[in-house]
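Have a look at the structure below, then the notes.
The values are calculated or read from the model by the stated rules, or taken from the named source; none is laboratory data. All figures in this text were calculated on a predicted structure; none of them were measured in a lab. Cβ placement follows ideal geometry from the backbone for every residue including glycine, while neighbour counts extend to all protein chains displayed. Side chains are part of the model used for accessible areas, which takes the heavy atoms of the whole protein and leaves out ligands, DNA and RNA. Shrake-Rupley method; radii C 1.70, N 1.55, O 1.52, S 1.80 Å.
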Amino acid sequence: MNNLAQKISVIHTLGPSGTNCEIAAHEWFARQNLQGKVCLHPTLETAAAKIEDEDSAALMGCVVYPQLHTLVFSNLKRLSLIDCFVFPTHNMVLASRNGKVPKSISTHPAPQELARSRQAELRLVNSNSQAAIDCADGITDACITTLRAAKANQLQILEDFGPVPMGYTIHVVKNNNERKNNF
């Protein structure tokens, strides 16, 4: 195991509760044989901003996060990528409050292609969990979300796309010497 990884006790990642990033963060701790806390944020950008100059904190990203490249390059002098791993998502589903054909669908930008063939208006949100919450609240007729989030919000499953093998990244704050030697 990477020496930097051994020090991680907090992972900041995408929330709210029920996201694929949340379960992947717990899986990363389990694979490393570490105990740790997962802190959830509305966006990965918000999560990255919360990581201070401490050895115990990390950022977990998802390789399909639409702006991961921007997040990496805008924090190039501050954060280092130290690990990547593959772990399946929760089953991805199209769900609704009432089981009817939707006219509007909430979705995170990453899985929006799962909704494109539905001829419905798409509403982009910050996470799969938020899509389920918005659907349950009546903001849209349906959502692309995880099976877990659909069940938590008492939604009806219209289509189950199954789990998706997914890549996740672990980033930590560079130490002062690394920062001085960069650029």
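The sum of -39500 (n - 2.57) across all DSSP H runs of n ≥ 4, divided by the residue count of the chain, sets its helix-only mean residue ellipticity at 222 nm to -7500 deg cm²/dmol.
How high is the relative contact order of region 1-157, given as a whole-number percent (alpha carbon pairs under 8 Å, six or more residues apart)?
Details: 284 pairs, mean separation 37.7, N = 157.
It rounds to 24 percent for region 1-157.
Note on residue 73 and residue 154: their simple-model spin labels are 4.6 nm apart, each label 7 Å out from Cα toward Cβ. Backbone phi angles across region 18-26, fed through the Karplus curve with coefficients 6.51, -1.76 and 1.60 (θ = phi - 60°), yield HN-Hα couplings of x, 6, 5, 4, 4, 5, 5, 5, 5 Hz in residue order; Gly and Pro are listed as x.
Keeping to pairs on different chains or 8 or more places apart, tell me how many lysine pairs in the chain have Cα atoms under 15 Å apart.
Step by step, the pairs that qualify in the chain add up to 6.
Looking only at Cβ-Cβ distances, which cysteines of the chain have no other cysteine closer than 4.7 Å? For the chain, the answer is 21, 39, 62, 84, because their Cβ atoms have no other cysteine Cβ under 4.7 Å. Remark on residue 14: its backbone amide H falls under 5 Å from those of 41, a criterion applied only to residues 5 or more positions apart or on other chains, H modelled at 1.01 Å from N. Measuring nothing but protein heavy atoms, the accessible surface of region 60-178 at 1.4 Å probe radius is 51 percent carbon and sulfur.
Charges at C-beta only: +1 for Lys and Arg, -1 for Asp and Glu. How large is the resulting dipole of the chain about its Cα centre, in Debye rounded to 20?
Roughly 100 debye, rounded to the nearest 20.
In this structure the chain gives 50 Å² per residue of accessible area when probed at 1.4 Å with all protein chains present. When the chain is treated as a Gaussian network with alpha carbon springs shorter than 10 Å, the biggest mean-square fluctuation among 67, 119, 154 belongs to 119. Once the chain from residue 6 to residue 164 is taken as fully extended at 0.36 nm per residue, the excess over their C-alpha distance is 54.1 nm.
Scanning residues 5 or more positions from residue 122 or on other chains, those with amide H under 5 Å from its amide H are 105, with H placed 1.01 Å from N in the peptide plane. The spacing between region 83-139 and region 1-28, judged by their C-alpha centroids, is 23 Å. Distance between the modelled labels on residue 27 and residue 121, one decimal in nanometres: 3.5 nm (7 Å Cα→Cβ projection). Which FRET efficiency value, to the nearest 0.05, do you get for residue 84 and residue 113 by plugging their Cβ-Cβ distance into 1/(1 + (r/R0)^6) with R0 = 25 Å? It comes out at approximately 0.65.
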